[in-house]
Amino acid sequence: MTATAAENPLLEGLNVRPRPEPCTLVIFGASGDLTQRKLMPALYALAVRHLLPERFAIVGAARSDMSDEDFRERMKEAVQEFARDDFRQDVWDTLAEGMRYTTLVGSENQDEDSLGRLLDEVDRERATEGNHVYYFAVPPAAIAALVREVAARKSEKGWTRLIIEKPFGHDLDSARALNALLRERFDESEVFRIDHYLGKETVQNMLALRFANGIFEPIWNRQFIDHVQITVAESIGIEGRAAFYEHAGALRDVFQNHLLQLVALTAMEPPIDFTSESVRNEKVKVLRSLHTPGPKSVVRGQYGRGFVDGEEVPGYREEEGVSRDTGTETFVAAKLYVDNWRWADTPFYVRTGKRLARRETTIAIQFKRAPHPPFEEVAAEALRPNVLLIHVQPNEGMSLAIGAKAPGLGLSIRTVHMDFLYGSAFREGLPEAYERLILDAMLGDATLFTRADEIEEQWALVDAIAAPWQRDRPAFPNYAAGTWGPPSADDLVHRDGRSWRRH
Ligand code: BG6
């Protein structure tokens, strides 16, 4: 149940969002996994909270043949299985009323421009005024042809917006080509490149933490911060996505986008305001300042057989669809430097991987030690440096580690944690990232989407990291499933006299 502001005064002023203008949302890839697991449940959550436009329609489009009825039935099952809210027939009926389906080019039953005709019909029936949001939940290879199709249909009547799923290209050249194609017919303000991490509450909270509080910004720099650690750890494997993952690997799947966006938000300068251009101008400066790490500052790994949550799981090479001698990495760690005045010489240790010990995304800001501990009787190692830990997921919240006097007649210092947990501070459950992002795109707010220049900077770095990988074949597998990655990842930080946090 959603708490009201009367029940919980902390909710006062929250969730006050304008409703988008009437529109039709076209989902390319409507029969796929993402639509079922994320998009439809997110739309349902928006419907429950009365955040969708009053005049609204959803047009599913995919290659499989399906009737409108079949589509509605599949989407209903998806909502019942994956939505965060209890199923309510009345909400569903209202949403389903505006749902249609069309088969995409490539299918035998496709007649010319059936999508165009259906959209005209839906616009008339639902009075959606020719406003169209196209969601591209399709593999990269299918995007260009669909973009051309949408461009050809773009009319003077109503607005057109494009939401494009990751991966956006597979390297710098392909991302540039896709950006160039988009620029031919669309303005940047019409293009919404998704990185769903930006839709996560805790990721946005990084902006609130840094720029809504006066106390952090003065110490948010190389003078006070020893280093930063960012971990995007998953305990799951590749979950049947071998065809995609074999070409992507951890570097392109998560490092290129989610991880680098977390680095950008942690390191960026305060924007002058919160418009999409100001925020993204600051993020892209960070991405541009990232120094390409040399081979010694990058570690890659691949999991072998092991145990996760007490269960034996296969190694990556044993997963279905994966080649037995594949060189694809399922883990990457790197030491990055942001070459600017604020961060010079402050390492950002980052890592991501599949089949790690547990699911956990954290940003740890480790401050420098107190310069002079005046307590003679306290062992130096008991005085640990302060750490501000941002729990992106799970157990969303923040925690500040400080040294405190343990009760007793002597002086003994222990590290204690001041915690803020979303679950207890706010009663409203956290929205899923896709709820926020779909709503923002309908409202035309691109702040939480990746701009063309950001994507290209991200790929430039990834291409530079991957270039030497062509030449040597690592001895894979080099970590057991259920551990924290290969030993060389530990060496990467130990060499600097530091260690990864085990939270
Ligand atoms: C996706 C990756 O972008 O993010 C997946 O393709 C990964 O491989 C997923 O599992 C992680 O997202 P989340 O929200 O579960 O942390």
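Side notes on the structure shown:
- The set of residues in region 200-209 that are aliphatic (A, V, I, L, M) and within 12 Å of the ligand (Cβ to nearest atom) contains only Val203.
- Qualifying residue in region 267-275 (condition: open to solvent by 10 Å² or more (accessible area, probe 1.4 Å), at pLDDT 95 or above and of a type in the set (Phe, Trp, Tyr)): no
- All of (1) of a type in the set (Gly, Ala, Ser); (2) out of contact with any Phe, Trp or Tyr (no Cβ under 9 Å at 6 or more places or on another chain); (3) touching a residue at least 60 places away in the same chain (Cβ under 8 Å) hold for Gly423 with one exception: (3).
- Residue, farthest from Ser488 (Cα to Cα), within region 294-321, restricted to residues that are charged (D, E, K, R) and surrounded by fewer than 16 Cβ atoms within 10 Å (Cβ to Cβ): Glu320
Quick grid of which residues meet (1) in a strand (DSSP E or B); (2) under 23 Å from Tyr197 (Cα atoms):
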site: Ala61; (1), (2): yes, no
site: Met66; (1), (2): no, no
site: Glu73; (1), (2): no, no
site: Ala78; (1), (2): no, yes
site: Arg84; (1), (2): no, yes
site: Phe87; (1), (2): no, no
site: Leu119; (1), (2): no, no
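- Per-region count, region 277-311, residues small (Gly, Ala, Ser) and in contact (Cβ under 8 Å) with a residue 40 or more places away in the chain: 5
- Among the residues listed as Val263, Val254, Val228, Val232, the single one being under 20 Å from the mean Cα position of the chain (by Cα), open to solvent by 10 Å² or more (accessible area, probe 1.4 Å) and either within 24 Å of Ala489 (Cα to Cα) or away from the ligand (no atom under 16 Å from the Cβ) (or both): Val254
- For region 231-311, the helices (runs of 4 or more DSSP H) that sit wholly inside it and include 2 or more residues that are more than 25 Å from Trp469 (Cα to Cα) and of a type outside the set (Asp, Glu) are 260-267, 276-289.
- Residue within region 210-218 that is more than 16 Å from the ligand (Cβ to nearest atom), small (Gly, Ala, Ser), in contact with a strand residue (DSSP E or B) (Cβ under 8 Å, 6 or more places away or on another chain) and open to solvent by 10 Å² or more (accessible area, probe 1.4 Å) present: no
- Every pair of residues 6+ apart whose Cβ atoms lie under 6 Å, when the first sits in region 118-135 and is closer than 13 Å to Gly60 by Cβ while the second is surrounded by 16 or more Cβ atoms within 10 Å (Cβ to Cβ) and of a type outside the set (Lys, Arg): Leu118/Thr102; Val122/Thr24; Val122/Ala57; Tyr134/Val26; Tyr134/Val150; Tyr134/Leu162; Tyr135/Ile27; Tyr135/Ile163
- Restricting Tyr197, Tyr245 to those that are under 28 Å from Leu439 (Cα atoms), open to solvent by less than 20 Å² (accessible area, probe 1.4 Å) and within 11 Å of the ligand (Cβ to nearest atom) reduces the list to Tyr197.
- Residue satisfying condition, being outside any loop (DSSP other than H, G, I, E, B) and modelled with pLDDT under 95, within set Pro474, Pro431, Pro468: Pro468
- Residue in region 46-54 that is assigned to a loop (DSSP other than H, G, I, E, B), within 22 Å of Asp120 (Cα to Cα) and open to solvent by less than 20 Å² (accessible area, probe 1.4 Å) present: yes
- Among the conditions (1) basic (Lys, Arg); (2) buried (at least 17 other Cβ atoms within 10 Å of the Cβ); (3) more than 16 Å from the ligand (Cβ to nearest atom), the only one that Arg324 does not satisfy is (2).
The values are calculated or read from the model by the stated rules, or taken from the named source; none is laboratory data. The model shown is predicted, which means the values in this text are computed figures rather than measured ones. Note: ideal-geometry Cβ built from the backbone for every residue, glycine included; neighbour counts use all protein chains shown. Surface accessibility is based on the protein's heavy atoms, side chains included, excluding ligands, DNA and RNA. Shrake-Rupley method; radii C 1.70, N 1.55, O 1.52, S 1.80 Å.
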